[in-house]
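Every number in this text was worked out from the coordinates using simple rules, so none of it is lab data. This structure is a prediction, so every number in the text was calculated from the model and none was measured. For neighbour counting, all protein chains shown are included, and Cβ atoms are generated from backbone atoms with ideal geometry for every residue, glycine included.
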Ligand SMILES: NC(=O)c1ccc[n+]([C@@H]2O[C@H](COP(=O)([O-])OP(=O)(O)OC[C@H]3O[C@@H](n4cnc5c(N)ncnc54)[C@H](OP(=O)(O)O)[C@@H]3O)[C@@H](O)[C@H]2O)c1
């Protein structure tokens, strides 16, 4: 059976994705730094590995077919953690994936990672970290899908998407629930080509969005 490693499985998107993947009958390896955060999910197909992304975590990749990197240092930490997690842990994950012959690497990046210098100054270190991690994956030789969501919200899923950046900044949003659904779709329907797409709520069904 295909095994998917979710890095950041205790996060807001990560936990939703973990549950969606399990509901869908997938074998999931959940990499978390505190396994009690997944104690409410019990499933015979769930294998939890406790590891901190600032240490070694290469053992988590063994026999995994897919990797979804959905970790992030979060807005409350400083640039040091942004470099350690959003940049370095993401780059090291791609390296570990390569060593373990992973078939498909899905990276959750961010809107603005294409042009960090044009973003608000306060988040430029974050956008640079995402940019460098994206570039590292693109150069890795792995089969990849990079998703750059707009501003995340905790609204209920809308089930409708677009990959075209909305003209109004305030419309460039997507719910975490919808990002998790999109990631599930991408894992289950890998495109032949490598892809890099921004993602927002819009008007298309998921299969039209990622055809
Ligand atoms: N906020 C936005 O509007 C926005 C927009 C575009 C993209 N994004 C990106 O979307 C992604 C997911 O967002 P989210 O809201 O789901 O994030 P989140 O809830 O903050 O989840 C982040 C995950 O990373 C894990 N993590 C952080 N440091 C770690 C470490 N040292 N070792 C192991 N795990 C660690 C967290 O573990 P714990 O549970 O233990 O803390 C958590 O599981 C992030 O990469 C974010 O940058 C965000």
Can you give the Kirkwood hydrodynamic radius of the range 1-41 from its Cα pairs, in Å with one decimal? 10.1
Most exposed first by the Cβ proxy, i.e. fewest other Cβ within 10 Å, how do 21, 138 rank? 138, 21
The range 1-73 and the range 166-211 have their Cα centres apart by a whole-number Å value of 21
Exposure proxy order (Cβ contacts within 10 Å, fewest to most) of 139, 33: 139, 33
Could I have the simple spin-label model distance between residue 188 and residue 118, label points 7 Å from Cα toward Cβ, reported in nm to one decimal? 3.6
Log10 I(q)/I(0) at q = 0.11, 0.13, 0.15 Å⁻¹ for the chain, from Debye over equal alpha-carbon scatterers, is -0.47, -0.67, -0.92
Test of understanding: extend the Cα→C-beta vector of residue 79 to 7 Å, then name every residue of the range 125-145 with backbone N under 19 Å from that spot. 125-134
Which of 59, 143, 47 moves most in a GNM of the chain, Cα contacts under 10 Å? 59
Taking 8 Å as the Cα distance limit and 6 or more residues as the minimum spacing, I'd like the relative contact order of the range 3-209 as a percentage. 19
Alpha-carbon spread of the range 70-114, three principal axes, descending order, Å: 34, 20, 15
Tell me, in nm to one decimal, what length is gained between residue 62 and residue 43 on full extension, where the rule is 0.36 nm per residue of separation less the Cα-Cα distance? 4.8 nm
Less than 15 Å from a label point 7 Å out along the Cα-to-Cβ axis of residue 24: which backbone N atoms in the range 97-113 qualify, by residue? 104-108
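By DSSP, what percent of the beta bridges with both residues in the chain are antiparallel, rounded to the nearest 5? The partial results should precede the final answer.
Values: 3 of 33 bridges.
Looking only at bridges with both residues in the chain, the antiparallel portion is about 10 percent.
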